[in-house]
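Reviewing the structure listed below.
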Amino acid sequence: MCGIVGLFLKDPKLEPQLGAMLTDMLITMTDRGPDSAGIAIYGGAKDGLGKLTVQSAHPEKDFKDLDGDMHHAIGQPVTMKIKSSHAVLEVPMDQMEAARSALSHLRPGVKVMSAGDSIEIFKEVGLPKDVAARFDVAKMKGTHGIGHTRLATESAVTTMGAHPFSTGSDQCLVHNGSLSNHNGVRRELKRLGMTFETENDTEVGAAFISHKLQTGETLGNALEATLTDLDGFFTFVVGTKNGFGVVRDPIACKPAVMAETDQYVAFGSEYRALVNLPGIEDARVWEPEPATVYFWER
Amino acid sequence: MQSFDLGQEGLRALNSSLHALKGQTNMTAWEVINPKGAHAIAAGVDAPVDITVRGSTGYYCAGMNKQATIRIKGSAGPGVAENMMSGTVIIDGNASQYAGATGRGGLLVIKGNASSRCGVSMKGIDIVVHGSIGHMSAFMAQSGNLVVLGDAGDALGDSLYEARLFVRGSVKSLGADCIEKEMRPEHIALLTDLLKRGEADGKAKPEEFKRYGSARKLYNFNIDNASAY
């Protein structure tokens, strides 16, 4: 199993509640995936500044003076916000690659969760309610977000094996299912220059889509290509800076329910995840069709 | 009328109250409020009672039902009425995957659409869908009747045994060993009855349907065993 939740807000009035709504949805999906949980939230983009979200198993040691050390390394001011085992570094967008490269020297044990204009990813091992509390997800604001509760099948229960996976700027993906040709696709993507942090099948799905986007494909075309090139079971929900997409494999045995109102588009592995959303009684509720790409962009 | 607030009292309390009803009972009318997509609502009931669920349900609502009439005033999640033995289940909205799977008897009515694998491995249940059904429906269906007023998705009736499939609209594709068969007077009579019991007699006429069944090439059909189906 695994649980997926997603929310794309159309009504800006709901943006202050995005984290609270996603937290409630995520906790409802605990019995689909109690191993680990994660959330990607898009919001708070500032002109010229990017966010680098990093994680450490030893945050007291690794995050101590990291902002100062990073300032020194890239020659630009850096601000840092620490949240438990994660920290969000605000760096000039044009220095993002320099900052990532500096990080690998300054703090070799620190892992990058995400990088981009507006994305922040928080994920850890543990029950969804504990993970959400640890990062205070309920207080987060934003325009759209994706969450995942994991029941591991394909690789170990670790922080890096939790979802969402981010393999491109402002991109992320969560997955319910398992891919069977991920080793072959990973080899091909490595040859094309993509890099991987884990042996996880979902990371391959994420990198596959990121690679398509890098070569100039639209989100819709990138999702369409998963249907021909990825083998296995999948319900994918992907996030980009402006959008939110959904695709299910042709067999479609992994569940998916969507709801749309004038205020939002919501995704849940089960209807239970959606029952507390405002106006759900009058929402258009449907199951996404197999082998059909859906996406919303602002 | 026994009214049960699932949000307040919880699923175990509901199902143990329903399981305690044996044979004839005075408490024949039940209402479940605040279902909020919970799993296994009114699963395993074995009494001639009438249960109305006011809202949408999660996995396996009305599973293994015997005798009861269960109405869902919303949509149903995966596996609704799975392995039903007898009784009636009526869904006002849509049904998710494998509705009525492995059902051995009784009647399942879906007033909206059903998604994939509707009636998979059905073994005697009757299913009437007012809308359309998804792919791989009636896969390995052994006996019973599946009636669809709308369209059917890919691979209808793949590896079919002796279930009868009636579809009014289009069939995207037929599965292995499933073929169209002629509609004889006994099929018209059967459909007339099923449409009436499935609350669909005002919506469609039996003559508008096509019948699909097994070509009997994939499994070892023996005419001497025909009465067993």
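Quick note: the coordinates plus some simple rules give every number you see, no bench work behind them. As the structure is a computational prediction, the values presented were derived from the model and not from experiment. All Cβ positions, even for glycine, are placed from backbone atoms using ideal geometry, and neighbour counts span all protein chains on display.
What's the FRET efficiency of B:A189 with B:N225 using the Cβ-Cβ distance as r and R₀ = 41 Å, to the nearest 0.05?
The calculated FRET efficiency here is 0.95.
Taking the mean number of other Cβ atoms within 10 Å as a proxy for protection, how do you rank A:61-73, A:247-259, A:283-295 from highest to lowest?
A:247-259, A:283-295, A:61-73
Classify segment A:176-265 as rounded, prolate or oblate from the Cα gyration tensor: take a ≥ b ≥ c as the square roots of its eigenvalues, call it rounded if a/c is under 1.5, otherwise prolate when a/b beats b/c and oblate if not.
Judged from the Cα gyration tensor, segment A:176-265 comes out oblate (a/c at least 1.5, b/c at or above a/b).
Report, to the nearest 10°, how far helix A:18-28 tilts away from the longest principal axis of the Cα atoms in chain A, using its own Cα long axis and a range of 0 to 90°.
Once rounded, the angle reads 60 degrees.
Compute the length gained on full extension between A:D262 and A:K83: take 0.36 nm times their separation in residues and subtract their Cα-Cα distance, giving the result in nm to one decimal.
Gain in length upon complete extension: 61.1 nm.
Do the alpha carbons of any pairs in A:K139/A:K190; A:K129/A:K254; A:K13/A:K64; A:K111/A:K190; A:K123/B:K36; A:K139/B:K73 sit beyond 30 Å of each other, and which pairs?
From the list (A:K139/A:K190; A:K129/A:K254; A:K13/A:K64; A:K111/A:K190; A:K123/B:K36; A:K139/B:K73), the Cα-Cα distance tops 30 Å for A:K139/A:K190; A:K13/A:K64; A:K139/B:K73.
How would segment A:1-145 be classified by its alpha-carbon gyration tensor: rounded, prolate or oblate, with rounded meaning a/c under 1.5 and the a/b versus b/c comparison settling the rest?
Verdict is oblate for segment A:1-145.
A:A152 label point, 7 Å along Cα→Cβ, cut-off 18 Å on backbone N: hits in segment A:235-273?
The answer is none.
Work out from phi, with θ = phi - 60° and the Karplus expression 6.51 cos²θ - 1.76 cosθ + 1.60, the ³J(HN,Hα) of each residue of segment A:250-255, listed in order in whole Hz, and give x for Gly and Pro.
Once θ is set to phi - 60°, the couplings for segment A:250-255 become x, 6, 6, 8, 8, x Hz.
In peptide A:249-255, how many Cβ atoms from other protein chains are near each Cβ within 10 Å, on average?
Counting other chains' Cβ atoms within 10 Å and averaging over A:249-255 gives 4.
Amide H neighbours of B:A43 under 5 Å, at least 5 residues apart or on other chains, H built in the peptide plane: list them.
Answer set, sorted by chain and number: B:A62, B:G63.
Averaging sequence separations of C-alpha pairs under 8 Å and six or more residues apart, then dividing by the length of chain A, give the relative contact order as a whole percent.
Answer for chain A is 24 percent.
Hey, in the GNM for chain A with a 10 angstrom Cα cutoff, which one of A:L52, A:L223, A:L213 fluctuates hardest?
With Cα springs under 10 Å in chain A, the top fluctuation among A:L52, A:L223, A:L213 is at A:L213.
Angle check, please: helix B:185-197 long axis (alpha carbons) against the longest principal axis of chain B (alpha carbons), in degrees 0 to 90, nearest 10.
Relative to chain B, helix B:185-197 is tipped by roughly 20 degrees.
How much mean residue ellipticity at 222 nm does chain A get from its helices, if each DSSP H run of length 4 or more adds -39500 (n - 2.57) and you divide by all residues, to the nearest 500 deg cm²/dmol?
-7500 deg cm²/dmol
Once both axes come from the Cα atoms, what is the angle between helix A:96-106 and the longest principal axis of chain A, in degrees from 0 to 90, rounded to 10?
Between the helix axis and the principal axis of chain A, the angle is about 60 degrees.
Report the FRET efficiency, 1/(1 + (r/R0)^6), for A:H105 and A:W296, where r is their Cβ-Cβ distance and R0 is 45 Å, rounded to 0.05.
0.70
Could you list the residues of segment B:66-89 with an amide nitrogen less than 20 Å from a label point located 7 Å from the Cα of B:D50 in the Cα-to-C-beta direction?
Of the residues in segment B:66-89, B:66-74, B:86-89 have backbone N under 20 Å from the label point off B:D50.
So in chain B, what percent of DSSP beta bridges are antiparallel if you round to the nearest 5?
Taking every DSSP beta bridge with both residues in chain B, the antiparallel ones total about 15 percent.
Using only Cα atoms, locate the centre of segment A:89-166 and the centre of segment B:153-229, then give the distance between them in Å, rounded to an integer.
So the two Cα centres are separated by 53 Å.
Label segment B:81-229 by shape, choosing from rounded, prolate and oblate, from the square roots a ≥ b ≥ c of the eigenvalues of the Cα gyration tensor; if a/c is under 1.5 it is rounded, and otherwise prolate applies when a/b is larger than b/c, oblate when it is not.
rounded
With the calculation restricted to Cα positions, what are the radius of gyration and Dmax of the protein assembly as shown in angstrom?
That works out to 25.9, 88 Å for Rg and Dmax.
Between A:E60 and B:A13, what is the FRET efficiency for a Förster distance of 41 Å, r being their Cβ-Cβ separation, to the nearest 0.05?
The value I calculate is 0.30.
Contact order normalised by length for segment A:46-116, with contacts defined as Cα pairs under 8 Å and 6 or more residues apart; what percent is it?
Contact order relative to length: 48 percent.
Amide H of B:I90 versus every other amide H placed in the peptide plane: which residues, excluding those fewer than 5 positions away on the same chain, fall under 5 Å?
B:I70, B:R71, B:I72, B:V109
Using helices alone, what [θ] at 222 nm do you get for chain B, with -39,500 (n - 2.57) per DSSP H run of 4 or more residues, divided over all residues and rounded to the nearest 500?
Computed mean residue ellipticity for chain B: -3000 deg cm²/dmol.
Given points 7 Å out from each Cα along the Cα-Cβ axis, report the A:A98 to B:K22 separation in nanometres with one decimal.
8.0
How are the Cα pair distances of segment A:46-116 distributed, in percent, across 5 Å bins from 0?
In order of increasing distance, the bins hold 3, 19, 34, 29, 11, 3, 0 percent.
Which value, to two decimals, describes the C-alpha radius of gyration of chain A once divided by 2.2 N^0.38 Å?
The value comes to 0.94.
Long-range amide H contacts for A:T292: which residues qualify at under 5 Å (H placed 1.01 Å from N, peptide plane, sequence gap of 5 or more or a different chain)?
Amide H to amide H, under 5 Å and 5 or more residues apart or across chains, A:T292 pairs with A:R248.
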